[in-house]
Structures are given as C-alpha cells and as structure tokens.
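See structure below.
The values are calculated or read from the model by the stated rules, or taken from the named source; none is laboratory data. The shown structure was predicted, so the numbers you read here are calculated from the model rather than taken from an experiment. Here Cβ is always computed from backbone atoms with ideal geometry, including for glycine, and neighbour counts include all displayed protein chains. These accessible areas exclude ligands, DNA and RNA; they are computed on the full protein's heavy atoms, side chains included. Shrake-Rupley method; radii C 1.70, N 1.55, O 1.52, S 1.80 Å.
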Amino acid sequence: METKTRILIVDDHQLVIQGILCSLKEVGDFDVATTNTCDEAFQLIKTSQNTNPFHLLFTDLSFDNTTEDSLLDGGEELIKAIKNNGINVKIAVITGHTETNRVYNVISNLKPNAYLLKSKCDATEIGFAVQKMLVNDFYYTHEIHQKIMRRNIIQIQMDEVAIQILKELPNHPKIANLEGIIEKNDGGFLKLRSIETKLGNLRADLNANNNTDLVLKAKELGIID
C-alpha cells in the first residue's frame, strides 16, 4: 500500500488550521496532524522521524501563545531547530508577515521551501506549494516573489555612497549639510550637486515621493536600520 504524505500544520489560531485543512482536502489525500505550539510541533517531528516521519510542515512565524516556559517562541525558532537537528522535512511558511526585510531575512537565512500569505492563500496556492515541495523545489506566492526580486535588484544598485547618504539623511535638516560628510571611494567628499543627483536617483529607484519617504522605504527594505 502506498504511504500517504504526512503533513504537520502548526498555528496558534484554530480557524487558520481549519482553513489549511480544508484546502489540503481539496488538493489530495494526506495524513495530516495539527498543533498550536512550536514546542509540540518540534516534539512531534522529532519523535516520529524514525518511525513515521512528516514530509511537509506548514508553520506561521508569529505565535501569541508563547510563555516564559516555551523553548521555541515562534516559527523561525522552530525552523532553526529542525535544520540544526538535521531533520528532513520540507517547510512552508504560511503567515501574515509581508514586511520586505523580514521576508528577505526568513528566505535568505532559513530557506523555507515555500512562503505563503494567509490573506491570499487558497487550495490552488497550497496545491502549487505541496507539488513543489514534494519534488524538493521552492514556491513563493507572487507578492513575496516580487518583493524578493525587487529587494535583490535594489541591493545590487546600492553602493557605499548611497548607503552613507541614506544613513545620514535623517540626521540633517538640510541637504546642504551633507556636503563634507559623504565620502567618495577615493577618500574625497561628494559635492552638493552630486549628492542631490544621487538622492534623485535613489528616490526613483525606491519609488519614493520625497526624502522622508525615501528613508522609510530604505528601512522597510532593510538597506538601513
């Protein structure tokens, strides 16, 4: 008899779990378990890996039900624990987090096989994710894919001068004050006209309305703190 694909869903909201369960029923016939804490999820994965291992994991990132006694306080810690223990389970993040910097960090550092958004996730989307994960591939929902592509492109465009300007901009009421502060690669200082040109290019690259908006978007993208 063919072994069913085993899936574990972990989320602290029962309605979300029910929604994923309903979508999975439309997609195929799976052996599904659920839990609402990361600690229990890790124990289930660990204790079953040698006898009846889970193949796929769907987890949120943020959990409101963690306590001082919780060993794993969120999805990121759960994913780290799984990877640090060398457990072979494909991981899908299914969350409401769309902040570019957080998305980028999760995908870059933890490398989940899928990143889905709760607000836009249906049976079709989950079906795509399951298919990709089962063949050791990756699936990011369209909005997340676009964010990562844009973040990568902007990161490539950023040079040391641009980052200096973005970091110094909030500290000075006038652009003219940046003259004599922004260093060029040769050790000299950038002239005011060059600074203004660079700012114009940065506003265009980040689609910013003004310099205040530019700094906010640079922070959202994780270019500056």
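A few notes on this one:
- Distance between the 7 Å Cα→Cβ label points at S108 and A204: 2.6 nm.
- ³J(HN,Hα) computed for each position of the range 215-225 - Karplus, 6.51 cos²θ - 1.76 cosθ + 1.60, integer Hz, glycine/proline x: 5, 4, 6, 5, 5, 4, 7, x, 6, 10, 7
- Antiparallel bridges, percent of DSSP beta bridges restricted to the chain (to nearest 5): 10 percent
- Dipole magnitude for the range 1-46: computed about the Cα centre from +1 point charges on Lys and Arg Cβ and -1 point charges on Asp and Glu Cβ, it is near 100 debye.
- Rounded to the nearest 20 debye, the dipole magnitude of the range 159-220 is 180 debye, with +1 charges on Lys and Arg beta carbons, -1 on Asp and Glu beta carbons, and the Cα centre as origin.
- Highest to lowest packing among 45-52, 60-67, scored as the average C-beta count within 10 Å: 60-67, 45-52
- Simple spin-label estimate for H97 and K219 gives 1.9 nm between the two label positions (7 Å along the Cα-to-Cβ direction from each Cα).
- Separation of the K191 and Q131 label points, Cα + 7 Å toward Cβ, nm: 5.8 nm
- With the biggest extent put first, the Cα atoms of the chain measure 73, 37, 31 Å across the principal axes.
- Percent accessible area from carbon and sulfur atoms, the chain, protein chains only, probe 1.4 Å: 47 percent
- Projecting the Cα atoms of G19, M133, G96 onto the charge dipole of the chain (Cβ charges, centred on the Cα centre) puts M133 farthest toward the positive pole.
- Here the chain is treated with +1 on each Lys and Arg Cβ and -1 on each Asp and Glu Cβ, and its dipole about the Cα centre works out to around 760 debye.
- Dividing the summed -39500 (n - 2.57) terms of all DSSP H runs of n ≥ 4 by the residue count of the chain sets its mean residue ellipticity at 222 nm at -14500 deg cm²/dmol.
- Accessible surface for the chain, divided over its residues, is 55 Å² per residue with a 1.4 Å probe.
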